[in-house]
Amino acid sequence: SGLSTQPIWRKLWDDVMKTRPPNSENVTCWRKKFLETFFSNVLHGVLDVSSDWRLNDHHFSPLLHSSQHVTQLTLCNMLQAVTELTAEHNQKVLENLASSLGILKFRHLLSTDPSVRRSLVLLLHRLIHHGSVSQVSMYSWPVPDTVLLILILSMSAGYWCSGKVLPYRSSPCSFCREDSAQRPESTRGQMETARCDEEERRHDKEQQALLRARRAGAPAGLNRHEADAPHGSAISGLRSCPSPHAPCEEGSGELSCDAPAGSSPRCLSEGLSCRPVLQKPRRRPKPAVGRRRRCPRRSRGTYDDQEDLYDFVFTVARENTSELHENSVREGENADNCTSSPTGSPCSSSAGCKKRGGSAGTFSLKTAHRFRSVSTLELFSIPLTEDACRTLSNLLSSWVSLENLVLSYNGLGENIAWLLSGLRALSRQPGCRLRVLRVSDVFSHMPCMALVRCVLSALPRLRTLSVSFDLKNQTEGNRPGGNPSCSETEIPESCLEQLEIRFPREPLHTALLLPVLKASRCLQQLSLDSAALPCPRELEHLLQALKECNPNLKKLSFHDVNLADHQKEVLLLLQDPILQEITFSFCRLFESCTTEFLSEIINTVKRNSSLKSLKLPGNRLGNHRLVALADIFSEDSSSSLCQLDVSSNCIKPDGLLEFTKKLEGHIQKRGGHIKFTHLRLFQNWLDQDAETAQEALRRLRAVCSVVNDTWDSSQAFADYISVM
């Protein structure tokens, strides 16, 4: 008791995994790290348990014993692990995961066969709908399978999406059966009344069809093979009722079943309403989106074929287009500003853009059975087509449990209008919880500030907004204001606390940022990245706006913004009595720095008792300037600085050692009392003299926590030369 088991678990890693753990310096709990990795490796067949005598025991189940400790799980490639997890002998494993798993990740997915998709449906249903998974993340899917993508998105949003052999009502999920059995009597009575009415209508139609068939000489009973007869045959239009467990089949454009005529129709699911279904390849070819089934309730089953799920994708995608447009007209907010032009920017109306070409048939999520849904959705490097964006927009419109949405490098382009449409509809939901939105991509379809204004007008309760683009769209031009309908959008008072904008080398116009700052009185963090200052006084105007509009601002960050000629503004920021963290990252701060300017920076920081963190990575600090910074902690300083970041500043081992000695002298004069706790030294030239660097680091660690890496400066320089 009281002894740490961390060394034991670390040794187990070496004995069992036989690999070097990635990021071992950041591992806080080796027990958790080992058990989660062990579970994943056994599940994916990476680790052979028979190779270790301690694990090669038929009484020991590796998956069962480690599953209760797994908090995040990654599924990849062909999803082979999904079939294993849903197997009968791993039922207890799945139960453990439903209780412990919080994060589910998908990486490098490939197309799968229907049996794997059915297993995936069961897995997601148990882990999300009846489990504790709160975050779903998908990574690196260059050519996504639309069917599989929408399946994961739909079930993450809480909807049931399955195969024909696995309808919702007939699913093997014990929770669903219990829920059905515990329904209030009034609800069951209403359902039974509707079912009986439908049965009566169908019975009349079936009798008439049967009479016509007999007159034509057709047999009284039909089987599945006869249902596949050509459309022109005498029996092609005959329908009979399904057996209690047989879902509807489509043959030659009509419905057929195995049960004899007159048996009761069965509603297979409350989860999904009727959808048009594609013909299978062996039958008569049909268009991509087939005709609507005439059976409005009994086809609420689910899907096992790729054609059926493919159809589900596009019916969900196109369902709410007209509904959102009607809502925008009813709301009367900027409805006239909508645009469907391929080159136009998405507007701030609730529809996002005018109704585009749709398809036959719609799918109503309002009538679908809703389960528990995740609160965090992350999509990294997954191209989203227009139909995928429509579907996601439709799902977002009612995804009230969603708190965090991250869309990174999805090639949205003008399709971002669909997402804005869904988010605006979501914000009107009374239970909307969305607080964090992060959007990043290579090309920006519209100016960053225009997009920020659109988002904030749609989501005034948002707490964190991050917009990041690498390059400007060539069709966008150099218009400072972008699309007028977006730039002139009125922003209501928002709850925004953190705003991050990465400009694709756009000019930073304070006039465009000012309405955002005025509407965000609660703003505490602001980050501006890769912005160009169009005139010398632009930064001064920005600082004045921040002082007037955002008195609660605590953290301010500039990255890749040339501040070499803005020394006055830099000193004003360092004097600010409210700011607690300031970042000048790769801002060329000391490019043409004089000794006087460096002294002014040091003296300003020494007098500022509110500043807790100063980050100066990538500013060409060098050895002599680093040594000078040690005076911030001199005995006459009133500074409260706790964290200092001097990464990527060409610091050599001898300079670091001199800084350490000077810092030790100041600490000794202050009687050992100092608030300085963290020093970051990433990507400096400490490998040039390993012995001196180790001595400096050893002495520094006696004073504060030091974070550094084993960076190869020579290789980095070679890489730099190679791309020049």
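The values are calculated or read from the model by the stated rules, or taken from the named source; none is laboratory data. These numbers were taken from a predicted model, which means no experiment stands behind them. As a convention, Cβ positions derive from the backbone with ideal geometry for all residues, glycine included, and neighbour counts pool all protein chains shown. What goes into the accessible areas is simple: the full protein's heavy atoms, side chains included, and nothing from ligands, DNA or RNA. Shrake-Rupley method; radii C 1.70, N 1.55, O 1.52, S 1.80 Å.
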### Query
How big is the charge dipole of the range 499-633 about its Cα centre, in debye rounded to the nearest 20, if each Lys and Arg gets +1 on its Cβ and each Asp and Glu gets -1 on its Cβ?
340
### Summary
For THR692, THR604, THR677, the accessible-area ranking with a 1.4 Å probe, largest leading, is THR677, THR692, THR604
### Query
Got a sec? Which residues in the range 634-654 would a label at PHE597 touch, if it sits 7 Å along Cα→Cβ and we count backbone N under 20 Å?
645-651
### Message
If you take every residue apart from PHE380 with its C-beta less than 13 Å away from the C-beta of PHE380, what net charge results, scoring Lys and Arg +1 and Asp and Glu -1?
### Response
+1
### Query
Accessible area per residue of the range 1-69 at 1.4 Å probe, in Å²?
67
### Query
If you roll a 1.4 Å probe over the heavy atoms of the protein chains, what accessible area per residue do you get for the range 559-723, in Å²?
48
### Task
State the percentage of accessible surface on the range 1-69 attributable to carbon and sulfur atoms; use a 1.4 Å probe and exclude ligands, DNA and RNA.
53
### Task
Using a 1.4 Å probe over the heavy atoms of the protein chains, calculate the carbon and sulfur portion of the accessible area of the range 559-723 as a whole percent.
49
### Task
Search the structure for amide H atoms under 5 Å from the amide H of SER440, placed 1.01 Å from N in the peptide plane, and list their residues when 5 or more places away or on another chain.
LEU407, SER408, TYR409, SER468
### Task
Leaving ligands, DNA and RNA out of it, rank LYS554, LYS661 by accessible area with a 1.4 Å probe, largest first.
LYS661, LYS554
### Global geometry of the range 417-470, whether rounded, prolate or oblate, following the gyration tensor of its Cα atoms and the 1.5 cut on a/c
prolate
#### Entry: Residue-span extension gain [ASP57 to ALA702] - 0.36 nm each, minus C-alpha spacing
227.4 nm
### Relative contact order [Cα under 8 Å, 6+ residues apart], the range 1-69, whole percent
29
## Note on the structure
Note, the range 515-525: 3J(HN,Hα) by Karplus (6.51, -1.76, 1.60, θ = phi - 60°), whole Hz, Gly/Pro = x, goes x, 5, 5, 5, 7, 10, 5, 8, 4, 10, 9
### Message
Can you order the peptides 114-127, 588-601 by their average number of other Cβ atoms within 10 Å per residue, highest first?
### Response
114-127, 588-601
### Query
Is the range 559-723 best put as rounded, prolate or oblate by its Cα gyration tensor, with a ≥ b ≥ c the root eigenvalues, rounded for a/c under 1.5, and otherwise prolate when a/b is larger than b/c, oblate when not?
oblate
### Task
Quickly rank 648-658, 514-524 as a protection proxy: mean count of other C-beta atoms within 10 Å, highest first.
648-658, 514-524
#### Entry: Exceeding the 32 Å Cα-Cα cut-off - candidates LYS32/LYS661; LYS11/LYS92; LYS472/LYS675; LYS18/LYS661
LYS32/LYS661; LYS472/LYS675; LYS18/LYS661
#### Entry: Rh (Kirkwood; distinct C-alpha pairs) - the range 1-69, Å
12.8
### Task
Provide the gained length on full extension for the span GLU95 to PHE175, in nm with one decimal, where the gain is 0.36 nm per separating residue minus the Cα-Cα distance.
27.6 nm
### Message
Using alpha carbons only, how many angstrom separate the centre of the range 12-78 from the centre of the range 666-697?
### Response
37
### Query
Residues with amide H under 5 Å of LEU75's amide H, sequence separation 5 or more or different chain, H placed in the peptide plane at 1.01 Å from N; which?
LYS105, PHE106, ARG107
### Task
Report ³J(HN,Hα) in whole Hz for each residue of the range 68-78, in order, from the Karplus equation J = 6.51 cos²θ - 1.76 cosθ + 1.60 where θ = phi - 60°; Gly and Pro get x.
6, 9, 8, 9, 9, 9, 10, 10, 9, 6, 8
